[in-house]
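Enquirer: My structure is below; once you've seen it, I'll send some questions.
The values are calculated or read from the model by the stated rules, or taken from the named source; none is laboratory data. Because the structure is predicted, anything quoted here is derived from the model rather than measured. Cβ: placed from backbone, ideal geometry, glycine included. Neighbour counts: every protein chain shown. Calculation scope for accessible area: heavy atoms of the full protein, side chains included, ligands and nucleic acids excluded. Shrake-Rupley method; radii C 1.70, N 1.55, O 1.52, S 1.80 Å.
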Amino acid sequence: LYARFFTKALNQCGYLDVKEPFKCLFTQGMITHRTYKDVNGKWVLPVDVKQNDDGKHVKMDDGTPVEEGRIEKMSKSKKNVVDPEDIFSGYGADAARLFILSDSPPERDLEWTEAGLEGAWRYMNRLYRMVMEPAFDIPAKDTPKPDSFGPDAMAVRRDIHRTIKETADHINGFHMNKAVARLRELSNALGNMKGQTDDARWVYREGMEALIRCFNPMIPHICEELWQHLGHDEMLAKTPWPEYDKSLLEDDTVTIAVQVNGKVKATITLPKNADKEATEKEALSSPSVQKAIDGKDIRKVIVVPNKIVNVVV
């Protein structure tokens, strides 16, 4: 509102030749918090309120009752605000950023909660340990790429490169919460790796570097430290967005539904573009399908490659 007003004013005064400051404006939602009033009807800061074991709210200093009000947008007049200095000293700026970005779509209101902030802080601690205290040795920077990858390592590689693309798409679409969720999914996949082979350890490092680079716009302080710990001298802020390998975006396998007389009885996973004979054999060998056709004559098996199998009995 202020940017539009001043632009129009400067235009009318002859200082600018434009009337609108934006081609497109995305307006984020409000930050909200619970309100509180004391026995005299005066607003009370949330930091000055505690909840007793019986569930009732009282003032911290004298124990007098406090009335719990509605959740409303943060306002100095209603004192339902949180001091940023308390947040930064207790959890750090990165945790606050991560909580705000991950809690809800940016166009919606966000309810500020200590539990949400603490959850973001705990995740950042986990991310820190994945680099500083890994379950196995991480290869040195610039370790040559293995000639081949086992199926488990390749599955994680595919996840890494899909995450790079999808995170960029989410950020460009202002879906910050989806970007955070996608990155956390990748960190779960990396955290489940065993690191028993050289290819798995190489993929772990590839994944951690991609994770840190994609998280950098959101939690820059911790990402810079982790980036340096991985052996990089240049600042992460000056590093371009990671590139993804298009050949790794598609799965080598597909999940196919198996129907008996039009009703789904099972699903099977096969290599992509498997021939009809192999697909039919796998479908008919499924225990659920065998049970559905038990004692009946198979009249026809219709195979739609990579999509569905329909058994007509």
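Enquirer: If the requirement is being in contact with a strand residue (DSSP E or B) (Cβ under 9 Å, 6 or more places away or on another chain), on the phi > 0 side of the Ramachandran plot and of a type outside the set (S, T, N, Q), which of these qualifies: Lys79, Lys73?
Expert: Sole residue among the options that is in contact with a strand residue (DSSP E or B) (Cβ under 9 Å, 6 or more places away or on another chain), on the phi > 0 side of the Ramachandran plot and of a type outside the set (S, T, N, Q): Lys79.
Enquirer: Restricting attention to segment 264-313, and to residues there that are surrounded by fewer than 16 Cβ atoms within 10 Å (Cβ to Cβ) and of a type in the set (Asp, Glu), which single residue is nearest to Val254 (Cα to Cα)?
Expert: Among residues in segment 264-313 that are surrounded by fewer than 16 Cβ atoms within 10 Å (Cβ to Cβ) and of a type in the set (Asp, Glu), the one nearest to Val254 (Cα to Cα) is Asp275.
Enquirer: Looking at (1) surrounded by 12 or more Cβ atoms within 10 Å (Cβ to Cβ); (2) in contact (Cβ under 8 Å) with a residue 24 or more places away in the chain; (3) closer than 26 Å to Pro139 by Cβ, find the lone condition where Trp227 falls short.
Expert: (2)
Enquirer: Then there is this: Counting only residues that are touching a His at 6+ places or on another chain (Cβ under 8 Å) and of a type in the set (Val, Ile, Thr), which one in segment 67-88 is surrounded by the fewest Cβ atoms within 10 Å (Cβ to Cβ)?
Expert: Only one residue tops the list, namely Ile71.
Enquirer: Can you report the number of residues in segment 24-39 which are at pLDDT below 90 and over 29 Å from the mean Cα position of the chain (by Cα)?
Expert: So the count comes out to 0.
Enquirer: Oh, and also: Quick one: how many residues across segment 238-266 are under 23 Å from Met154 (Cα atoms), among the hydroxyl-bearing types (Ser, Thr, Tyr) and modelled with pLDDT of 90 or more?
Expert: 1
Enquirer: List pairs: first residue in segment 23-51 and of a type in the set (Asp, Glu), second residue modelled with pLDDT of 90 or more and not in a loop (DSSP other than H, G, I, E, B) anywhere in the structure, Cβ distance under 9 angstrom, at least six positions apart or on different chains.
Expert: Close Cβ pairs satisfying both conditions: Asp38/Lys59; Asp38/Pro65; Asp38/Glu67; Asp48/Tyr36; Asp48/Lys59.
Enquirer: Next question. Give the residues of segment 167-205 that are open to solvent by 40 Å² or more (accessible area, probe 1.4 Å), over 15 Å from the mean Cα position of the chain (by Cα) and among the charged types (D, E, K, R), sorted by residue number.
Expert: If the condition is that a residue be open to solvent by 40 Å² or more (accessible area, probe 1.4 Å), over 15 Å from the mean Cα position of the chain (by Cα) and among the charged types (D, E, K, R), then Lys194, Asp198, Arg201 are the ones that fit.
Enquirer: Can you tell me which of Asp61, Asp53 is in contact with a helix residue (DSSP H, G or I) (Cβ under 9 Å, 6 or more places away or on another chain) and acidic (Asp, Glu)?
Expert: Just a single option satisfies the conditions, and that option is Asp61.
Enquirer: Is at least one residue of segment 240-258 free of Cβ contacts under 8 Å to residues at least 24 places away in the same chain, open to solvent by 70 Å² or more (accessible area, probe 1.4 Å), within 30 Å of Met132 (Cβ to Cβ) and touching a Lys or Arg at 6+ places or on another chain (Cβ under 9 Å)?
Expert: Within segment 240-258 (the criterion being free of Cβ contacts under 8 Å to residues at least 24 places away in the same chain, open to solvent by 70 Å² or more (accessible area, probe 1.4 Å), within 30 Å of Met132 (Cβ to Cβ) and touching a Lys or Arg at 6+ places or on another chain (Cβ under 9 Å)), the answer is yes, since at least one residue qualifies.
Enquirer: Out of everything in segment 89-137 that is among the β-branched types (Val, Ile, Thr) and at pLDDT below 95, what residue ends up being least open to solvent (accessible area, probe 1.4 Å)?
Expert: Thr113
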